[in-house]
Amino acid sequence: MTDDRVQFDNVSRFYGEVLGVNRVTLSIPPGITSLVGPNGSGKTTLMNLMSGLVRPTRGQIRVLGIAVDDPQRLCRILGYSTQFDSFPRGLTGYQCVAYFLRLFGYDQAKCDRLATAAIERLRMGEAAHRKVAGYSKGMRQRIKLAMAIAHNPRVLVLDEPLNGLDPLVRAETIALFREYAGQGRHVIVSSHVLHEVDQISDQVILLSNGYV
């Protein structure tokens with residue numbers, strides 16, 4: 001297995017009797033890769049598998065040569081933004097990003113520098129010290145993205161990242177994805193919006209009923 005790809009080798013994941021994904025073999029190169037399919041097709045399961053949040057029932061997954069059951073190494077190269085919000089209660093946007101960075105063992109000065117840079121990159125500087133509970137959906141989406149990019153990962157896994165963004169912010173976010181892809185990174189996104197997928201993707205993975 002090469003160390004510049006996200007690789008699935010005959011991977012299946014079942015939730016009891018329910019099929020998540022079945023017999024998936026993939027080798028995903030750098031660039032923008034879109035996962036496309038109807039609800040329940042397996043997109044989020046595939047993202048959770050490559051992020052190490054769920055384990056495969058069978059098969060193997062490696063992300064840039066790192067096994068997904070090695071979270072200490074995996075989390076240093078991978079950033080994940082989930083479809084659903086799950087912010088700690090009472091925190092500001094800045095605190096969400098900075099406290100997350102502390103989990104990497106960075107000192108306070110580095111956390112502050114990286115958090116500020118990520119927040120500014122997503123144009124959230126003016127709202128950074130307001131509580132997330134008062135944010136609009138689009139603002140919460142941008143803080144999730146800031147959390148995903150703050151530690152400068154080589155692989156970004158983003159579940160419906162453009163939902164709730166206004167047209168200007170959406171265009172800026174797509175430009176960020178292209179910038180990352182141009183640096184040889186992986187940007188793996190899920191979307192229901194086919195014209196958007198056509199616009200941004202270097203490659204597309206079509207999922208249906210848990211199969212590629």
Exercise. If you go through region 176-205 one residue at a time, how many are more than 25 Å from Cys111 (Cα to Cα) and part of a helix (DSSP H, G or I)?
Worked result: 9
For this session: Could you tell me whether any residue of region 164-179 is out of contact with any helix residue (DSSP H, G or I) (no Cβ under 8 Å at 6 or more places or on another chain), farther than 25 Å from Tyr135 by Cα and either without any contact (Cβ under 8 Å) to a residue 60 or more places away in the chain or of a type in the set (Gly, Ala, Ser) (or both)?
Result: yes
Exercise. Regarding Gly105, is this residue part of a loop (DSSP other than H, G, I, E, B), closer than 24 Å to Thr45 by Cβ, free of Cβ contacts under 8 Å to residues at least 60 places away in the same chain and open to solvent by 20 Å² or more (accessible area, probe 1.4 Å)?
Worked result: no
For this session: Name every residue in region 121-157 that is charged (D, E, K, R), surrounded by 22 or more Cβ atoms within 10 Å (Cβ to Cβ) and in contact with a Gly (Cβ under 8 Å, 6 or more places away or on another chain), in order of residue number.
Result: none
For this session: Kindly indicate whether Glu172 is surrounded by fewer than 19 Cβ atoms within 10 Å (Cβ to Cβ) and either among the hydrophobic types (A, V, I, L, M, F, W, C) or over 25 Å from Ile28 (Cα atoms) (or both).
Result: no
For this session: Please state which of the following conditions Lys131 fails to meet, knowing it meets all the rest: (1) over 24 Å from Ile174 (Cα atoms); (2) in contact with a Lys or Arg (Cβ under 7 Å, 6 or more places away or on another chain).
Result: (2)
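Matching residues to (1) over 18 Å from Ile28 (Cβ atoms); (2) in a loop (DSSP other than H, G, I, E, B); (3) in contact (Cβ under 8 Å) with a residue 40 or more places away in the chain; (4) open to solvent by 20 Å² or more (accessible area, probe 1.4 Å):
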position: Pro56; (1), (2), (3), (4): no, yes, yes, yes
position: Arg62; (1), (2), (3), (4): no, no, yes, yes
position: Leu74; (1), (2), (3), (4): no, no, no, no
position: Tyr80; (1), (2), (3), (4): no, no, yes, yes
position: Asp85; (1), (2), (3), (4): yes, yes, yes, yes
For this session: Given the conditions (1) part of a loop (DSSP other than H, G, I, E, B); (2) over 27 Å from Asp3 (Cβ atoms), report the number of the one that His151 does not fulfil.
Result: (2)
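Listed here are the residues, each with its yes/no results for (1) surrounded by fewer than 22 Cβ atoms within 10 Å (Cβ to Cβ); (2) touching a strand residue (DSSP E or B) at 6+ places or on another chain (Cβ under 6 Å).
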position: Asp3; (1), (2): yes, no
position: Asn10; (1), (2): yes, yes
position: Val18; (1), (2): yes, no
position: Met50; (1), (2): no, yes
position: Asp69; (1), (2): yes, no
Exercise. For Ala181, are the conditions met, namely being open to solvent by 10 Å² or more (accessible area, probe 1.4 Å), farther than 26 Å from Asn48 by Cα and at pLDDT 95 or above?
Worked result: no
For this session: Determine, yes or no, whether Asn152 is modelled with pLDDT under 95 and not acidic (Asp, Glu).
Result: no
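The values are calculated or read from the model by the stated rules, or taken from the named source; none is laboratory data. Keep in mind that what you see is a predicted model, and the values were worked out from it rather than measured. Backbone-built Cβ (ideal geometry, glycine too); neighbour counts: all protein chains shown. Surface accessibility is based on the protein's heavy atoms, side chains included, excluding ligands, DNA and RNA. Shrake-Rupley method; radii C 1.70, N 1.55, O 1.52, S 1.80 Å.
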